[in-house]
Amino acid sequence: MSRTINMLMGVVESVIPLQDGGAVMSGLAVVCLLLLQTGAHAFGIFGGESLNHQEITERALLNTTVQVCRALALAEGKDFTFPPQPFTAESVAAACASKSSKSFRRAIKLIKYTNLGVDLLTFYIASYHFDNEEFIEGRKIITKGLSAVKASNKENNFLTSRIRLGIILHPLQDFYSHSNWVEMGNERPNSNLIKSGTSIGNLAAKSRATCRNCDGDDCTNNILEDILDEKILTTGYFNFVPVFSTKPEGKCSHGGGIDQTSKIEPKGGINKDKFDSSHGHLHAEAARVAIAATSELLEDVRGAAGDRPFLQMMGIIKGKPLCFVIDTTGSMADDIATVRTVTSSIINSKVGTDEEPSLYILVPFNDPDFGPLIKTTDPEVFKNAINSLSAFGGGDFPEMSLSGLQLALTGAPSNSEIFLFTDAPARDVHLRSTVIALIERTQTVVNFMITGTGFRRRRRSDNNQQQQLSRMGRSVAQLYRDLAQASGGQAIEVTKSELLEATNIITESSSSALVTLLQAARSPGKAENFTFTVDESVRNLTIYITGRFVDFTLISPAGVSQNSANMTGSLIITSQSVGNFRTLQLNTQVGLWEIKMVSTNPYTLKVVGESSIDFLFDFLEVSQGPFGGFGLLENRPRAGVNGTLSVTITGSDSAILTEVTLVESSGAGKVNGSVEAQDGGDFLVQFDRIPSVEFVVLIKGRNSNASSRASSVSFQRQSSTSIRASSVTVTAADSNSILVPGIPLSIPFSVVTSGAGGNFIIQATNDQGFTSTFPSSLSLETGRSANGTVNLTAPPNTPSGTDVTLTIEANAPGGNDTNYVVLRFTVLRTVTDFTLPVCELLSLRSNCSANCSVSMWELSVQVTDGPEGTGVDRISLRQGNGTMNTSLAADNENVTLVSYNASCCSPDVELLVVDRVGNVGSCFYTVRTTADNSTQPMNITTTTSSPLPTAVPVVSLSTRAVQSFLLCLSTTILGLGLSSEMGIN
């Protein structure tokens, strides 16, 4: 909505579309009564503050997520309690029974930042903002992007879905601020903006005048009366470069100081971005309709995906994803058997619990092959995939382990945990920097389960060859240790007989609520003292130590000590040691702990626990566009200069951040930041210098909800992922992240360095192995940039929804400095099916009486997708407690037959119908018992503007939840007096 960057998160109250089964009431009464019962309020503008894209987006996301969680709870026969208003990510996650809000907050943050990025990256492209009357082009961006979101969700590629969703929400919301839709008296969204092949409205001809000069600073009546009377759609024209600023004669301008067209007659503007904009008197109305339109689009995404996949897209999950990358060469037979055992144990113990994995990912690798990536939400599918693995081949030494890991890192959600099993070094060591880049961008923990001493291998060899292989094994084992350290994971080296015990130890401790309190690595080892703070929210306090011959002394907050030679003291509940890996489960005590490490060998130390309180962080960069502000930094920050960090506290609405430090991983130094609180648990942190060496982010703070007993104790959290700064910057134009099969996509990129110039080596890799071309090197001078292009082509038979991640790297001369940019693309085949499936009622029979509990009703429906359609993909119950069965018609496979029967106590049913490209509709049916106990089904055709149906059958398809939302929205806008009468404030 606003083109200025506003980092403050404002407060917007909003409407939640809700409906219960049972007796059917008028649409208006049902919606408003439910709003009162659940405590939902109307949209409101507090403190006279303008609303921006981020606020509009977050409120719609929270509302829709609450609705989905409620629907799932009711479908499972569970109670659902609405969180208090105004909704927050923490309260919604808790209401949805999510053990941690971190992934939910990250999803919201990514969608908001990509929405914001449209202003930063495409401020000059009119169609992304519905400027210059580019209605058709703007709608095309929305509908094409919406198809990509649906295709990605279908393939469980939720990260790409969030990115594309944020992008298309920006033009959708801008339509209501930049056009005259609200000025024409419209109080509901233009639903055809998200539907191809429909009419957006009566569009102004290029030659038709639409505005007059404003009356000084008063632009209230600058749109011509005939334009409003005839309901002709127009938008303002915009350009910020004086020499290129022009517009057709008589046309409206966007307005504002930066818009140079507003100085051309007719002068002034019509945008409603803020209260002080040209048409700022309509800002509140435009924001309200933009929220409703955002919710309408989210409802369409929800319908296409299904409720559970929609929640996964939003990061509402139970347990962490379970991701295995497995070497399948000949000597790995025992290891694969161990993975089967561990998989069965995890699935049997966690399915149906709060820690049930939200996603299962498997990537096999050997030599020369790797993949395919298997991604599923079904534990049985995952178990069958593991069971089908067999060990074969091998003979030479290294394997394609980093290729397999790259595929897993791009396929797994951010903040996942990956377990890689191998007994061999990596052949594809050239991917080392690519893998580290992906680890940094996804903040994923990678654990290496390494079997075999010194990587002794599969065939006999002479002594010289064996010595050479042993040296290679030791050097590449260090590669695995480096990658583990970079991600915050463990490089566990055990014998094959010890693998089961080691894997059980580390997977048992994996939890969606796991937080890192402290992490350090020392190579070579040295004596050093570490401290960490434990707050009262921490449970299951555990220490991981990797390394050989490492001694330690542990000192509790009460001053009690216990050392590694004595495992029977009061501080350590259990201790397990296998190979080079040791775990200590501590007797959790609130306060400041100390651990003294003593070893000359390399070691790693990690202190973790379970807690709801955690944090997210992203580096920001100052926008180079005309609107200023900050944008999300997509790669490594610049070394040695000032920098800005965005930190979000998760798991608490009242936590206060007091200190943020960039700690050098070697322990040699640190840089403290200046913390500035924002709304909504967000903080901006300014640093006068970004370390030039590897570092981690350490935060400290206080939670005001803590009990009086621990009120003086701070919380401490640390990033698992290590970060590297760089004097090299790589940027790429990524305004179109959709890849059409068989058609090359050109991705321009730029490299600049503040360090020494020279010949920079360029590497561009993608996780799908798609054909690509790019320059092998670029010549740079200090402070100057050089440009290149990657041409990427997906094979013609690539399925829609395939996710491809492209990593472009630039390596400085000598290989001591590198930076990258990571881009994600969705493969989307050309969509030609824009029609909704059609329901036709075949029969409806019932014997309902006054005693509904002893009578039943049933119906039969046939569903088709039309002669040009792609076919029905899924039919599900959106409402109804009966039994539904589907089958293909015997004489026509394009016809799906639906039968449904239910108790007369459940007289309503709504079928949700989705075709193969994600077109969504719903069919609503009900029976009503009359005074003489006879049952009378009634026909009514619903439209997007009609009230909730009082009886059925519905022949055409509509989305009733959206209707309910818009009806209640219009009620609040019209101000029917319900608020004051019912005590809503």
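Filter segment 335-361 down to residues that are aliphatic (A, V, I, L, M) and closer than 24 Å to Ala424 by Cα, then give me how many there are.
Here the count works out to 5.
Quick one: which strands (runs of 3 or more DSSP E) sit completely within segment 751-841 and have at least 1 residues that are more than 30 Å from Asp369 (Cβ to Cβ) and touching a Ser or Thr at 6+ places or on another chain (Cβ under 6 Å)?
In segment 751-841, the matching strands (runs of 3 or more DSSP E) lie at 758-766, 777-780, 785-793, 818-827.
Quick check on segment 626-649. Is at least one of its residues free of Cβ contacts under 8 Å to residues at least 40 places away in the same chain, open to solvent by 30 Å² or more (accessible area, probe 1.4 Å) and at negative phi?
No - not one qualifying residue is present in segment 626-649.
Restricting to segment 847-905, and then to whatever is among the charged types (D, E, K, R) and in contact (Cβ under 8 Å) with a residue 60 or more places away in the chain, can you tell me which residue is surrounded by the fewest Cβ atoms within 10 Å (Cβ to Cβ)?
Filtering first and then ranking leaves Arg874.
Here are some conditions: (1) open to solvent by less than 20 Å² (accessible area, probe 1.4 Å); (2) over 30 Å from Val149 (Cβ atoms); (3) modelled with pLDDT of 95 or more. Lys267 meets all but one. Which one does it not meet?
Only one criterion in (1) open to solvent by less than 20 Å² (accessible area, probe 1.4 Å); (2) over 30 Å from Val149 (Cβ atoms); (3) modelled with pLDDT of 95 or more is unmet by Lys267, namely (1).
For Leu500, are the conditions met, namely being hydrophobic (A, V, I, L, M, F, W, C), within 30 Å of Thr343 (Cβ to Cβ) and in contact (Cβ under 8 Å) with a residue 40 or more places away in the chain?
The answer is yes for Leu500.
What single numbered condition from (1) open to solvent by 20 Å² or more (accessible area, probe 1.4 Å); (2) touching a Pro at 6+ places or on another chain (Cβ under 8 Å) fails to hold for Ser777?
Checking Ser777 against (1) open to solvent by 20 Å² or more (accessible area, probe 1.4 Å); (2) touching a Pro at 6+ places or on another chain (Cβ under 8 Å), the one that fails is (2).
Here's the yes/no breakdown for (1) in a loop (DSSP other than H, G, I, E, B); (2) under 21 Å from the mean Cα position of the chain (by Cα):
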{"residue": "Ile595", "(1), (2)": "no, no"}
{"residue": "Phe617", "(1), (2)": "no, yes"}
{"residue": "Gly631", "(1), (2)": "no, yes"}
{"residue": "Ser666", "(1), (2)": "yes, no"}
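Restricting to segment 274-284, name every residue that is closer than 15 Å to Asp174 by Cβ and either over 35 Å from the mean Cα position of the chain (by Cα) or open to solvent by 10 Å² or more (accessible area, probe 1.4 Å) (or both).
The answer is Lys274, Ser277, Ser278, Leu282.
Since Thr789 meets every condition but one in (1) open to solvent by 70 Å² or more (accessible area, probe 1.4 Å); (2) modelled with pLDDT of 95 or more, which condition does it not meet?
For Thr789, the exception is condition (1).
Across segment 346-390, which residue is nearest to Ser103 (Cα to Cα) among those that are aliphatic (A, V, I, L, M) and either assigned to a helix (DSSP H, G or I) or at pLDDT below 85 (or both)?
Applying the filter and picking the extreme gives Val351.
Go through Ser611, Ser674 for me and flag whichever is in contact with a strand residue (DSSP E or B) (Cβ under 9 Å, 6 or more places away or on another chain) and modelled with pLDDT under 95.
Ser611
How many residues are outside any loop (DSSP other than H, G, I, E, B) and crowded, with 18+ Cβ neighbours inside 10 Å when one looks only at segment 73-101?
Residues flagged as outside any loop (DSSP other than H, G, I, E, B) and crowded, with 18+ Cβ neighbours inside 10 Å within segment 73-101 amount to 6.
Being open to solvent by 10 Å² or more (accessible area, probe 1.4 Å) and small (Gly, Ala, Ser) is the filter here, so list the residues in segment 404-424 that pass it.
Of everything in segment 404-424, those that are open to solvent by 10 Å² or more (accessible area, probe 1.4 Å) and small (Gly, Ala, Ser) turn out to be Gly411, Ser414.
Can you name the residue in segment 102-156 that is touching a His at 6+ places or on another chain (Cβ under 7 Å) and outside any helix (DSSP H, G or I) and, of all such residues, is farthest from Phe80 (Cα to Cα)?
Asp131
Could you list, in sequence order, the residues of segment 352-374 that are open to solvent by 40 Å² or more (accessible area, probe 1.4 Å) and within 16 Å of Glu155 (Cα to Cα)?
Pro372, Leu373, Ile374 - these are the residues of segment 352-374 that are open to solvent by 40 Å² or more (accessible area, probe 1.4 Å) and within 16 Å of Glu155 (Cα to Cα).
Mind checking which pairs have a first residue in segment 221-247 that is more than 26 Å from Met184 (Cβ to Cβ) and of a type in the set (Gly, Ala, Ser) and a second that is open to solvent by 20 Å² or more (accessible area, probe 1.4 Å) and at pLDDT below 95, Cβ under 6 Å, 6 or more apart or different chains?
Pairs found: Ser245/Asn239; Ser245/Gln260.
Among the residues of segment 521-528, is there at least one that is under 20 Å from Ser577 (Cβ atoms), surrounded by 20 or more Cβ atoms within 10 Å (Cβ to Cβ) and in contact (Cβ under 8 Å) with a residue 12 or more places away in the chain?
yes
Given the condition closer than 30 Å to Thr160 by Cβ and out of contact with any strand residue (DSSP E or B) (no Cβ under 7 Å at 6 or more places or on another chain), answer yes or no: does some residue in segment 324-338 qualify?
No, segment 324-338 contains no residue that is closer than 30 Å to Thr160 by Cβ and out of contact with any strand residue (DSSP E or B) (no Cβ under 7 Å at 6 or more places or on another chain).
Only one of these is touching a Pro at 6+ places or on another chain (Cβ under 8 Å) and farther than 22 Å from Phe240 by Cα: Phe123, Phe158. Name it.
Among Phe123, Phe158, only Phe158 is touching a Pro at 6+ places or on another chain (Cβ under 8 Å) and farther than 22 Å from Phe240 by Cα.
Can you tell me which residues in segment 161-186 are polar (S, T, N, Q) and either without any contact (Cβ under 8 Å) to a residue 40 or more places away in the chain or over 17 Å from Asp300 (Cα atoms) (or both)?
Selection gives Ser177, Ser179, Asn180, Asn186.
Examine segment 836-843 for a residue that is open to solvent by less than 10 Å² (accessible area, probe 1.4 Å) and touching a Gly at 6+ places or on another chain (Cβ under 9 Å), and state whether such a residue exists.
Among the residues of segment 836-843, at least one is open to solvent by less than 10 Å² (accessible area, probe 1.4 Å) and touching a Gly at 6+ places or on another chain (Cβ under 9 Å), which makes the answer yes.
Among the residues of segment 313-325, is any over 15 Å from Leu72 (Cβ atoms) and part of a helix (DSSP H, G or I)?
no
For segment 248-264, which residues satisfy the criterion of being surrounded by fewer than 18 Cβ atoms within 10 Å (Cβ to Cβ), assigned to a loop (DSSP other than H, G, I, E, B) and touching a residue at least 12 places away in the same chain (Cβ under 8 Å)?
Scanning segment 248-264 gives Pro248, Glu249, Gly250, Ile258, Ile264.
Among the numbered criteria (1) polar (S, T, N, Q); (2) under 24 Å from Thr143 (Cβ atoms); (3) crowded, with 19+ Cβ neighbours inside 10 Å; (4) modelled with pLDDT under 95, which single criterion is violated by Ser196?
Single failed check for Ser196: (3).
State all residues of segment 683-728 that are more than 28 Å from Arg522 (Cα to Cα), open to solvent by 50 Å² or more (accessible area, probe 1.4 Å) and either part of a loop (DSSP other than H, G, I, E, B) or at pLDDT below 95 (or both); if no residue qualifies, say none.
Residues satisfying the conditions are Arg702, Ser704, Asn705, Ser708, Arg709, Ser711, Ser712.
Could you grab me the full set of residues in segment 547-566 that are over 43 Å from the mean Cα position of the chain (by Cα) and either among the β-branched types (Val, Ile, Thr) or open to solvent by 60 Å² or more (accessible area, probe 1.4 Å) (or both)?
Within segment 547-566, Val560, Ser561, Asn563, Ala565, Asn566 meet the criteria.
Given the residues Glu910, Glu858, Glu809, Glu840, which is the only one that is closer than 30 Å to Pro796 by Cα and not small (Gly, Ala, Ser)?
None of the others qualify; the one that does is Glu809.
The values are calculated or read from the model by the stated rules, or taken from the named source; none is laboratory data. Here the structure is a predicted model, which means the values were calculated and not measured. Quick reminder, even Gly has a Cβ in these numbers, built from the backbone with ideal geometry, and neighbours come from all protein chains shown. The accessibility values were calculated without ligands, DNA or RNA, using every heavy atom of the protein model including side chains. Shrake-Rupley method; radii C 1.70, N 1.55, O 1.52, S 1.80 Å.
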